[in-house]
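Engineer: Quick one: this structure, given as structure tokens, is what I'll be asking you about.
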Amino acid sequence: MTLPLLEVKGLRASAGDKEILRGIDLTVYPGEVHAVMGPNGSGKSTLAQAIAGHPAYQVTAGEILYQGQDLLDMEPEERAQAGVFLAFQYPVEIPGVSNAYFLRAAYNEIQKARGLEEVDSMDFLDLLEEKLKIVEWGPEIMSRAVNSGFSGGEKKRNEILQMAVLQPRLAVLDETDSGLDIDALRIVAGGVNALRRPDNATVLVTHYQRLLNYIVPDHVHVLSAGRIVKSGGKELALELEERGYEWLEDEALAS
Amino acid sequence: MSPATLQEIEMQNAGTTAELPDWLEPVCRAARERFRATGFPTSRDEEWRFTPVGPIAKASWRPAPPAAAVTQDQLKEFEFGHPDWNTLVFVNGSYREELSRGFTIPGVRVISLAEALRANETVLQSHLGRHAPIEASPFAALNTATMRDGGFIHVAAGTELLRPLHLLFVATPEAAGSVVHPRNLIVVERGARAAVVESYVTLSPDSSYWTNPVTEVSLGGNAWLEHTRIQREGERAYHTGLTHVDQQRDSHYRSFSLAMGGAIARHNLHARLNDENVETLLYGLYLARREQLVDNHTVIYHDHPNCRSWEVYKGVLDGRSRAVFNGKVFVKPEAQKTDAKQTNRNLLLSDGARVDTKPQLEIFADDVKCTHGATVGQLDDIALFYSRSRGIPSAEAQRLLTYAFAAEVIAEVSLEPVRNELERLLRERLEAR
């Protein structure tokens, strides 16, 4: 029997004294793609950030298990080293650090944690060549400072490039589609699809159904006011596109 | 005021008066009287409010010791991998010919000040003691009163230097308890181009000694100078320095100043823009830790129209260290179309560190563009989390972001071997955390 990659159980989380997640249950198996949808303020991003270990959110109840390990007990870097990756909604600019240096540092830390050999900058460039193709980029992007002066679309592509290089088991993409034009969306989605394997899984956090035309989810969950109010197959996303979120919120209130 | 120090001035001067040219004697005498009148500064003095010099003023300092044994090998780490650069080496303040490297370059004089004084070079008379005013600081007056040796660089009109010239001041264990007053003069004549590196280093990191240098720089019309100053004294040492720059029409001065040594380290950098269309770029980086105090005071005198000054100083503070930054920009009424920008950014790595930063713009012309900005902050939490979320451990992420902050200003050094060395020093300092 296959074991779940991720199990979120009864998760409650707050930012300061404001409770945002009010009991989330979510189970993700290897090979699956889950879409977490919901209106603004429903807690989608908080869920993504809590999985990655953002210090601004305090988990007050429940647990997150990753390959059976207690994720909440791990530092953000330990989670990354174990194979968890969060593509940020707003990727951070780091002036003064080249994309190549940053990504190689991250890659080598993860290699080290897995007991694998670190690579020097020449070998890393070879390794990058393949990965850059996935996001349709040339090597010149690597000498620019991390996300510094990047357009919104470039920042999202850079997240996908990082994901391609770091090869996570569990990738959480937080609104990776927001603010993308159709070409960028195609490249980003193409990258995610290219990286799908039977032993990894993807959680897409998104507001719109648009991304799901390119990345077909196995499961769709709708978040409202910090709870999953409905789960279903890919057809649920289409229904949401048609009917909006209100009927679900009403349904949730009624129950 | 410490009577011991005054006695030493008298003593040192008594020993060297014979070598002083007639024209210089009154300059030194005026400086001696000036220092006698002011004494050491106190915290009541606005210019020294945050930098108490009691440990310097109260101690009794010996004159610099005589020759100490130093080998070429020991100096290797300070020469940027370039034994082919013209280098004047001073050990505990005195010129050491056997350690120096003087290559003949047409149009260029690179000799010790002591030698230049003995030869009574005519250039000296129009420049030495003519640029740096003894009123600039009591320490500058003390230096002028006691000047004996240092570097003398003269680049004749129209000469373009391909390689940097290096003035290297080394303290040895024998320097413990002593003071030196290096005096440098750099004259770049009309249309000439040069790069000068001025280093203060130690072979005895735990010794307490005091270096009190003054460097005068004169740039002729359309002259160009890149001046890199590297202060790597021991962390128990004291350093009080003044650099004064006089610039003529169309000249370009680019300075980079690193300060990472000294228990108390103060550097005054004053640039006077004496004519139109002058460009002055001042970059600086200071790294302080433990109980260090590092103080940079800069002054830019915009006396004429159509000049541009650009200043960026950055600081990284750790432990219980202190930094002081004071940046003055004076714009005279006739200095229309002045373009002046000043930035001072500080990164605090610990709760115990502290910065006093004060931009001070005094603008008397109305058609100018003058801006300034000062920040004091910590590492960006979001950038830290972002790095950690990629697998980079917290301590490593802090180092990476600190490095990026500081390296941005090092990137302004255009001499690649020097830039590489500065980056290495920065990495080494961060790895020692």
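Engineer: Any idea how many residues of region A:190-205 are without any contact (Cβ under 8 Å) to a residue 40 or more places away in the chain and surrounded by fewer than 22 Cβ atoms within 10 Å (Cβ to Cβ)?
Structural biologist: 1
Engineer: Next up: Quick one: residue B:196 ticks every box in (1) in a strand (DSSP E or B); (2) surrounded by fewer than 24 Cβ atoms within 10 Å (Cβ to Cβ); (3) free of Cβ contacts under 8 Å to residues at least 60 places away in the same chain except a single one, so which number is it?
Structural biologist: (2)
Engineer: Give the residue that is surrounded by the most Cβ atoms within 10 Å (Cβ to Cβ), with candidates limited to residues of region B:94-104 that are modelled with pLDDT of 95 or more and in a loop (DSSP other than H, G, I, E, B).
Structural biologist: So the residue we want is B:100.
Engineer: Are any of the residues in region A:54-67 touching a Phe, Trp or Tyr at 6+ places or on another chain (Cβ under 8 Å) and within 20 Å of residue A:173 (Cβ to Cβ)?
Structural biologist: yes
Engineer: Please verify whether region A:220-241 includes one or more residues that are in a helix (DSSP H, G or I), under 29 Å from residue A:13 (Cβ atoms) and in contact with a helix residue (DSSP H, G or I) (Cβ under 6 Å, 6 or more places away or on another chain). Write out each step before concluding.
Structural biologist: Taking region A:220-241 and keeping what is in a helix (DSSP H, G or I), we get A:235-241.
Filter again for under 29 Å from residue A:13 (Cβ atoms), leaving A:236-237, A:239-241.
Going one step further and asking which of them are in contact with a helix residue (DSSP H, G or I) (Cβ under 6 Å, 6 or more places away or on another chain), we end up with A:237.
The answer is yes, given that some residue of region A:220-241 is in a helix (DSSP H, G or I), under 29 Å from residue A:13 (Cβ atoms) and in contact with a helix residue (DSSP H, G or I) (Cβ under 6 Å, 6 or more places away or on another chain).
Engineer: Here is a further query. Between B:239, B:304, B:252, which is buried (at least 24 other Cβ atoms within 10 Å of the Cβ) and without any contact (Cβ under 8 Å) to a residue 40 or more places away in the chain? Break it down stepwise before answering.
Structural biologist: Numbers: B:304 fails: buried (at least 24 other Cβ atoms within 10 Å of the Cβ); B:252 fails: buried (at least 24 other Cβ atoms within 10 Å of the Cβ).
After ruling out the rest, the residue left standing is B:239.
Engineer: Hey, another quick one. Is it the case that residue B:326 is touching a Ser or Thr at 6+ places or on another chain (Cβ under 7 Å) and within 21 Å of residue B:258 (Cα to Cα)? Step through it out loud before you land on a result.
Structural biologist: Details: touching a Ser or Thr at 6+ places or on another chain (Cβ under 7 Å): no; within 21 Å of residue B:258 (Cα to Cα): yes.
Spelling it out, it is not the case that residue B:326 is touching a Ser or Thr at 6+ places or on another chain (Cβ under 7 Å) and within 21 Å of residue B:258 (Cα to Cα).
Engineer: Residues of region A:76-102 being under 17 Å from the mean Cα position of the chain (by Cα) and surrounded by fewer than 22 Cβ atoms within 10 Å (Cβ to Cβ), which ones?
Structural biologist: First, pick out the residues of region A:76-102 that are under 17 Å from the mean Cα position of the chain (by Cα): A:76-92.
If the condition is that a residue be under 17 Å from the mean Cα position of the chain (by Cα) and surrounded by fewer than 22 Cβ atoms within 10 Å (Cβ to Cβ), then A:78, A:82, A:83, A:89, A:90, A:91, A:92 are the ones that fit.
Engineer: Select, from A:30, A:55, the only residue that is surrounded by fewer than 21 Cβ atoms within 10 Å (Cβ to Cβ) and touching a residue at least 24 places away in the same chain (Cβ under 8 Å). Talk me through it step by step, then tell me what you get.
Structural biologist: Values: A:55 fails: touching a residue at least 24 places away in the same chain (Cβ under 8 Å).
Going through A:30, A:55 in turn, the sole match is A:30.
Engineer: Tally up the residues in region A:89-135 that are touching a Pro at 6+ places or on another chain (Cβ under 8 Å) and under 14 Å from residue A:163 (Cα atoms), please.
Structural biologist: Our first condition is that a residue be touching a Pro at 6+ places or on another chain (Cβ under 8 Å); within region A:89-135, this holds for A:109, A:125, A:128-129, A:132.
Still in the list and also under 14 Å from residue A:163 (Cα atoms): A:128, A:132.
The qualifying residues number 2.
Engineer: Across region B:395-419, what is the number of residues that are touching a residue at least 24 places away in the same chain (Cβ under 8 Å) and either away from chain A (no Cβ under 14 Å) or part of a helix (DSSP H, G or I) (or both)? Give the derivation first.
Structural biologist: To start, the set of residues in region B:395-419 that are touching a residue at least 24 places away in the same chain (Cβ under 8 Å) comprises B:395, B:398-399, B:402-403, B:405-406, B:408-410, B:412-415, B:417-418.
Applying the additional criterion that residues be either away from chain A (no Cβ under 14 Å) or part of a helix (DSSP H, G or I) (or both) yields B:395, B:398-399, B:402-403, B:405-406, B:408-410, B:413-415, B:417-418.
Counting residues in region B:395-419 that are touching a residue at least 24 places away in the same chain (Cβ under 8 Å) and either away from chain A (no Cβ under 14 Å) or part of a helix (DSSP H, G or I) (or both) gives 15.
Engineer: Hey, among the residues in region B:61-75 that are surrounded by 11 or more Cβ atoms within 10 Å (Cβ to Cβ) and free of Cβ contacts under 8 Å to residues at least 60 places away in the same chain, which one's nearest to residue B:241 (Cα to Cα)?
Structural biologist: Start the filter on region B:61-75 by keeping residues that are surrounded by 11 or more Cβ atoms within 10 Å (Cβ to Cβ), which leaves B:61-65, B:67-68, B:70, B:72, B:74-75.
Those still in the list that are free of Cβ contacts under 8 Å to residues at least 60 places away in the same chain too: B:67, B:72.
Values: B:67: 23, B:72: 26 Å.
If we take residues in region B:61-75 being surrounded by 11 or more Cβ atoms within 10 Å (Cβ to Cβ) and free of Cβ contacts under 8 Å to residues at least 60 places away in the same chain, then B:67 is nearest to residue B:241 (Cα to Cα).
Engineer: Additional query: Tell me the residue from B:306, B:326, B:296, B:268 that is modelled with pLDDT of 95 or more and either among the acidic types (Asp, Glu) or farther than 22 Å from residue B:136 by Cβ (or both), please. Step through it out loud before you land on a result.
Structural biologist: On the way: B:326 fails: either among the acidic types (Asp, Glu) or farther than 22 Å from residue B:136 by Cβ (or both); B:296 fails: either among the acidic types (Asp, Glu) or farther than 22 Å from residue B:136 by Cβ (or both); B:268 fails: either among the acidic types (Asp, Glu) or farther than 22 Å from residue B:136 by Cβ (or both).
Within the list B:306, B:326, B:296, B:268, the selection yields B:306.
Engineer: Quick one: which of B:116, B:136, B:145 is part of a loop (DSSP other than H, G, I, E, B) and either at pLDDT below 95 or small (Gly, Ala, Ser) (or both)?
Structural biologist: Numbers: B:116 fails: part of a loop (DSSP other than H, G, I, E, B); B:145 fails: part of a loop (DSSP other than H, G, I, E, B).
Answer to the check: B:136.
Engineer: Would you confirm whether or not region A:34-48 contains a residue that is within 14 Å of chain B (Cβ to nearest Cβ), without any contact (Cβ under 8 Å) to a residue 40 or more places away in the chain and among the aliphatic types (A, V, I, L, M)?
Structural biologist: no
Engineer: Which members of region B:365-394 meet the condition of being in contact with a Leu (Cβ under 8 Å, 6 or more places away or on another chain), of a type in the set (A, V, I, L, M, F, W, C) and more than 7 Å from every other protein chain (Cβ to nearest Cβ)? Don't jump to the end; show me each part of the working.
Structural biologist: Start the filter on region B:365-394 by keeping residues that are in contact with a Leu (Cβ under 8 Å, 6 or more places away or on another chain), which leaves B:370, B:372, B:376-380, B:383-384, B:387, B:389-392, B:394.
Of the ones still in play, those that are also of a type in the set (A, V, I, L, M, F, W, C) are B:370, B:376, B:379, B:383-384, B:392.
Answer for region B:365-394, where residues must be in contact with a Leu (Cβ under 8 Å, 6 or more places away or on another chain), of a type in the set (A, V, I, L, M, F, W, C) and more than 7 Å from every other protein chain (Cβ to nearest Cβ): B:370, B:376, B:379, B:384.
Engineer: In addition: Report those strands (runs of 3 or more DSSP E) wholly inside region A:58-149 carrying at least 1 residues which are at the interface with another protein chain (Cβ under 9 Å from one of its Cβ atoms) and under 27 Å from residue B:406 (Cβ atoms). Explain how you work it out, then say what you get.
Structural biologist: Details: elements: A:58-66, A:84-87, A:94-98.
The strands (runs of 3 or more DSSP E) meeting that bar are A:94-98.
The values are calculated or read from the model by the stated rules, or taken from the named source; none is laboratory data. Here the structure is a predicted model, which means the values were calculated and not measured. Here Cβ is always computed from backbone atoms with ideal geometry, including for glycine, and neighbour counts include all displayed protein chains.
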